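In what follows, a structure is listed as structure tokens, so that the remarks can point back to it.
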Amino acid sequence: MAETDIAKRASFDIIRYAQAWEDADILVAALRPKAGDTVVSIASAGDNAFALLAEGAERVIAVDLNPVQLACVRVRVAMYTTHTHEEFLELMGSRPSGRRAHLLEQVAAHLSPEDQAFWAALKDEVVKHGVGGVGKFERYFRIFRQWVLPFIHNSATIESLLRPRDAAARLAFYDKSWNIWGWRMMVRVFFSRFVMGRLGRDPAFFDHVEGGPSAQVARLTRKALVEQDPSVNPYLHWILTGEHGEALPRALAAERHEIIRERIDRLDVRLCTVETLAEEGVKADAFNLSDIFEYMSPEAHEKAYGTILAASRPGARIAYWNMMAPRRVPASMASRVTTNAELEAKLKPLDKAFFYSDFVVEEVT
């Protein structure tokens, strides 16, 4: 495994994200994968790699520095192979279930001995919260949902927030019922850099940002609750209820379950960095880079971007998010890359993963 800037500072021995927290709908629209394409995707928990696989790419290479995150990808491979769509959602935690222990045992038969032992150790947590609920980031939201939110909003208010409304009604509800003094104070504290670093993200992920995330969370939460429709936002549903309900992420939608199952052998899971692939001669047509540049110094960002270009075919599409650290193609490589500003402007208002400040779409010229 190649050493990188963040690998030297962050801990990679726990599930940090048990599900993907980037909107696959705008990712697919940005990368436009097609038959014959090789797509490279940061693995995280695998959901967005599966969403890209469903679009018809010839090959999707899911890479991650964290071997534990790849265990999340491999268990999903077994889940797609073994379970019906409804069973998949129950084991994931998207829907209530009283049989997760049994479903996990069925999946284990398709895992390596190492992965079997890994998931057996997490069995109790999976039974309670689902495969998609056992990461550090998900525990952070669970603390928020169980121990913080009830002091501000009761269950009736939360249920009301998630009902379909038109934009005018959403604004009225937000101003009158949601954005009360307690909510504003809570956002300042619970989504501060200190609390998020201790309970949510690794503190090292904030090394190259200035200020704290609370003001940004407040601004972007208003976007998610007023400008967008909360009733169809899977990320918001999970944060507030601990389930997806009917608001499913792209890879978990019923119409893609069989497609992913049939194409599962086109997924290549790698313990490495995106940059490492260039050294192996990989040439890709599209890159889902998640928010990896967020964690890098400007110097590390420039180096990483150069190796990504080395692994790119002409016309390759590159998509990634920024949360607090502004990152785009380095100036030294700007002549080799075009920013698709028109597509960015179209997609950013649609981003249901509302805590990101920017979504970048670039193309290799």
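Ranked by Cβ crowding within 10 angstrom, fewest neighbours first, how are S192, S97 ordered? Can you show the working numbers first?
Details: S192 16, S97 19.
Ascending number of Cβ neighbours within 10 Å: S192, S97.
Summing -39500 (n - 2.57) over the DSSP H runs of n ≥ 4 in the chain and dividing by its residue number, what mean residue ellipticity at 222 nm do you reach, to the nearest 500 deg cm²/dmol?
-12000 deg cm²/dmol
With the calculation restricted to Cα positions, what are the radius of gyration and Dmax of region 103-195 in angstrom?
Using the Cα atoms of region 103-195, the pair Rg, Dmax is 18.7, 54 Å.
First measure r as the distance between the Cβ atoms of E342 and I14, then evaluate 1/(1 + (r/R0)^6) with R0 = 51 Å and state the FRET efficiency to the nearest 0.05. Display every interim value, and only then the final one.
Details: r = 40 Å, r/R0 = 0.78.
After rounding, the FRET efficiency stands at 0.80.
Using 0.36 nm times the number of residues separating S332 and Q106, minus their current alpha carbon distance, what extension gain do you get?
Between S332 and Q106, full extension yields 76.2 nm more.
Would you mind calculating the gained length between S192 and A117 on full extension (0.36 nm times residue separation, minus the Cα-Cα distance), in nm to one decimal?
This chain segment gains 23.4 nm when fully extended.
Just to be sure I understand the curve: with the Debye formula and one point per C-alpha of the chain, what is log10 I(q)/I(0) at q = 0.06 Å⁻¹?
Summing over Cα pairs of the chain leads to -0.21.
Would you list H153, H110 from fewest to most Cβ contacts within 10 Å? Don't skip to the end; give the middle numbers.
Details: H153 19, H110 15.
Ordered from fewest to most neighbouring Cβ atoms within 10 Å, H153, H110 come out as H110, H153.
Compute the semi-axes of the equivalent ellipsoid of region 60-125, taking the square root of 5 times each eigenvalue of the Cα gyration tensor, and list them largest first in whole Å. Mind dumping the intermediate values first?
Working: eigenvalues 75, 39, 25 Å².
For region 60-125, the ellipsoid semi-axes come out as 19, 14, 11 Å.
Using only Cα atoms, figure out Rg for region 37-159 and give it as a multiple of 2.2 N^0.38 Å.
Values: Rg = 16.0 Å, N = 123, 2.2 N^0.38 = 13.7 Å.
Region 37-159 yields a ratio of 1.17.
Just how far, in whole angstrom, is region 318-334 from region 282-300 if you go by their alpha carbon centroids?
8 Å
Beyond a 23 Å Cα-Cα separation, which of these cross-linked pairs lie in this structure: K283/K346; K34/K346; K128/K223; K223/K348; K34/K223?
Among K283/K346; K34/K346; K128/K223; K223/K348; K34/K223, the Cα-Cα distance tops 23 Å for K283/K346; K128/K223; K34/K223.
No value in this document is a laboratory result; all are computed from the given coordinates. Keep in mind the model is a prediction, meaning the values are calculated, not measured. Virtual Cβ from ideal backbone geometry, glycine too; neighbours counted across all protein chains shown.
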